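Engineer: Provided herewith is a single structure, encoded as structure tokens, for subsequent inquiry.
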């Protein structure tokens, strides 16, 4: 595959969607912006006939692809994949609009593998499942070593958006690893995240990050997070971070995740962006943590502003089976209502907070629903954490996990290292 004509031939021959393809040159697709309504680029794969083959981009790009199908589902270069493999491909300067299941590379990725791929440009979904690279990831799919800088917008309210900088939804034992997103993300309804809108059903996100701003414009329960809008149902987020600002007009807003629930885990993660929620349950790392979920070895440093249940790390911890272990926060915390704390805004039904701290000076909060308050000087002293039995031993990853040793000279209190490369 070396020309736009070759690519167009694939779109027109669905009996060849089980074949193996290799791209041998960069493809200029800018002319697709001038195609009339009868010949708008048609994605490879749909709900009736899925793409089940393999496509190897061999390091080349498809540049300038335009798809304007605001009332059509399964939109992307590939509309629907099932058991497919896509690798080593860049889709750059895209201008894509679709309805449900919209991604620059793939609309729905079912039981498929995507690796070493990336996307740039802008993308809009007028309904659900909208992602900068993939709209929907399911059924033990794998997305690895990929990135997106796409500006992502979900415009439809009252249906649930599921909007993410890389993927709108990650579900059903799927894995996203060694990926990142840098584009801004805006959603008009629920589940809006810098990397993924929703991570659910025993799925895993690891060694990933997001740096773009994230905005949820709906009111009510919206779930907005710097990395993920919500993490739930035995899912795991590990070795991840977010640095972009997070703004939500409703409830459940967090620097990393809007909500973590139902036996899910967040570990070795951090967020540094400012977090602003116009409603309740607002946290520097997570807005709400509940139902047998755990947050460990994680921190937040961004400013946090909300109404009720506002905390430097977590806005609200709910249920006796919830645990926060070896965490800290240092950002300024402001709440306009009740239950505002330096580390945690509110506890209910006796969750566990252990060996966790907040900076009483930088936060502007002398109290917290739980945790231990320390001065800035104490927060920059390693003994504060050694005395709480934090583990600074080398763990075999090539980094000294206690790199900063004594006082943290950079003022960011990074007392352990993460493999971010």
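The values are calculated or read from the model by the stated rules, or taken from the named source; none is laboratory data. Computed from a prediction, not measured in an experiment: that's the story for all the values here. Using ideal geometry, Cβ is built from the backbone for each residue, glycine included, and neighbour counts are taken over all protein chains shown.
Engineer: Test residue 337 against the stated conditions and say whether it is at pLDDT below 95, assigned to a loop (DSSP other than H, G, I, E, B) and either more than 21 Å from the chain's Cα centre (by Cα) or over 17 Å from residue 229 (Cα atoms) (or both).
Structural biologist: The answer is yes for residue 337.
Engineer: From 5, 58, which residue is surrounded by fewer than 18 Cβ atoms within 10 Å (Cβ to Cβ) and assigned to a helix (DSSP H, G or I)?
Structural biologist: Criteria check complete, one pass: 5.
Engineer: Taking region 163-199 as the region of interest, how many residues are in a loop (DSSP other than H, G, I, E, B) and either in contact with a helix residue (DSSP H, G or I) (Cβ under 7 Å, 6 or more places away or on another chain) or surrounded by 24 or more Cβ atoms within 10 Å (Cβ to Cβ) (or both)?
Structural biologist: Qualifying residue count for the region: 10.
Engineer: Among (1) buried (at least 23 other Cβ atoms within 10 Å of the Cβ); (2) more than 15 Å from residue 246 (Cα to Cα); (3) at pLDDT below 95, which single condition is residue 155 missing?
Structural biologist: In the conditions (1) buried (at least 23 other Cβ atoms within 10 Å of the Cβ); (2) more than 15 Å from residue 246 (Cα to Cα); (3) at pLDDT below 95, residue 155 misses (1) alone.
Engineer: Still on this structure, I have one more. Scanning for something farther than 22 Å from residue 385 by Cβ and not in a loop (DSSP other than H, G, I, E, B), does region 357-364 turn up at least one residue?
Structural biologist: The answer is no; no qualifying residue exists.
Engineer: Sticking with this structure for a sec: How many of the residues in region 16-47 are touching a residue at least 12 places away in the same chain (Cβ under 8 Å) and either in a loop (DSSP other than H, G, I, E, B) or out of contact with any helix residue (DSSP H, G or I) (no Cβ under 8 Å at 6 or more places or on another chain) (or both)?
Structural biologist: Going through region 16-47 one residue at a time, the tally reaches 20.
Engineer: Next up: Give me the pairs, please: first residue somewhere in region 118-135 and without any contact (Cβ under 8 Å) to a residue 12 or more places away in the chain, second residue anywhere and surrounded by fewer than 24 Cβ atoms within 10 Å (Cβ to Cβ) and outside any loop (DSSP other than H, G, I, E, B), beta-carbon distance under 6 Å, and either six or more positions apart or on two chains.
Structural biologist: none
Engineer: With the checklist (1) free of Cβ contacts under 8 Å to residues at least 40 places away in the same chain; (2) outside any loop (DSSP other than H, G, I, E, B); (3) over 23 Å from residue 123 (Cα atoms) in hand, flag the one item residue 263 doesn't pass.
Structural biologist: Unmet condition: (2).
Engineer: Condition first: part of a strand (DSSP E or B) and closer than 20 Å to residue 183 by Cα. Can you find one or more residues in region 298-319 that meet it?
Structural biologist: no
Engineer: Any idea which of (1) more than 11 Å from the chain's Cα centre (by Cα); (2) outside any loop (DSSP other than H, G, I, E, B); (3) farther than 22 Å from residue 100 by Cβ is the one residue 122 doesn't satisfy?
Structural biologist: Of (1) more than 11 Å from the chain's Cα centre (by Cα); (2) outside any loop (DSSP other than H, G, I, E, B); (3) farther than 22 Å from residue 100 by Cβ, only one is false for residue 122: (3).
Engineer: Just to check your reading of the model, which residue among 267, 274, 300 is under 26 Å from residue 365 (Cα atoms), surrounded by fewer than 24 Cβ atoms within 10 Å (Cβ to Cβ) and touching a strand residue (DSSP E or B) at 6+ places or on another chain (Cβ under 6 Å)?
Structural biologist: 267
Engineer: Next question, about the same structure. Consider residue 205 against the criteria (1) more than 22 Å from residue 156 (Cα to Cα); (2) part of a loop (DSSP other than H, G, I, E, B): it satisfies all of them except one. Which criterion is unmet?
Structural biologist: The number of the failed condition is (2).
Engineer: Out of region 333-371, which residues are farther than 25 Å from residue 320 by Cα and surrounded by fewer than 19 Cβ atoms within 10 Å (Cβ to Cβ)?
Structural biologist: Listed by number, the residues that qualify are 334, 336, 361, 364.
Engineer: If you don't mind, there's one more thing I want to ask. In the set 160, 111, 121, which member is surrounded by fewer than 24 Cβ atoms within 10 Å (Cβ to Cβ) and either modelled with pLDDT under 95 or touching a helix residue (DSSP H, G or I) at 6+ places or on another chain (Cβ under 6 Å) (or both)?
Structural biologist: Details: 111 fails: either modelled with pLDDT under 95 or touching a helix residue (DSSP H, G or I) at 6+ places or on another chain (Cβ under 6 Å) (or both); 121 fails: either modelled with pLDDT under 95 or touching a helix residue (DSSP H, G or I) at 6+ places or on another chain (Cβ under 6 Å) (or both).
Only one candidate qualifies: 160.
Engineer: Right, next: Going through region 77-101 one residue at a time, which ones are buried (at least 20 other Cβ atoms within 10 Å of the Cβ), in contact with a strand residue (DSSP E or B) (Cβ under 6 Å, 6 or more places away or on another chain) and over 20 Å from residue 30 (Cβ atoms)?
Structural biologist: 79, 80, 81, 84, 86, 101, listed by residue number.
Engineer: What residue, among those in region 373-390 that are more than 18 Å from residue 301 (Cα to Cα) and free of Cβ contacts under 8 Å to residues at least 60 places away in the same chain, is surrounded by the most Cβ atoms within 10 Å (Cβ to Cβ)? Show your work before the answer.
Structural biologist: Residues of region 373-390 more than 18 Å from residue 301 (Cα to Cα): 383, 386-390.
With the extra rule that they be free of Cβ contacts under 8 Å to residues at least 60 places away in the same chain, the set shrinks to 383, 386-387, 389.
Values: 383: 9, 386: 13, 387: 10, 389: 9.
Among them, the one singled out is 386.
Engineer: For residue 224, indicate whether it is part of a strand (DSSP E or B), farther than 22 Å from residue 126 by Cα, modelled with pLDDT of 95 or more and within 12 Å of the chain's Cα centre (by Cα).
Structural biologist: Details: part of a strand (DSSP E or B): yes; farther than 22 Å from residue 126 by Cα: no; modelled with pLDDT of 95 or more: yes; within 12 Å of the chain's Cα centre (by Cα): yes.
In short, no.
Engineer: Could you go through region 88-103 and let me know if any residue there is within 18 Å of residue 257 (Cα to Cα) and part of a strand (DSSP E or B). Before you say what the answer is, go through the steps one by one.
Structural biologist: First, pick out the residues of region 88-103 that are within 18 Å of residue 257 (Cα to Cα): none.
No.
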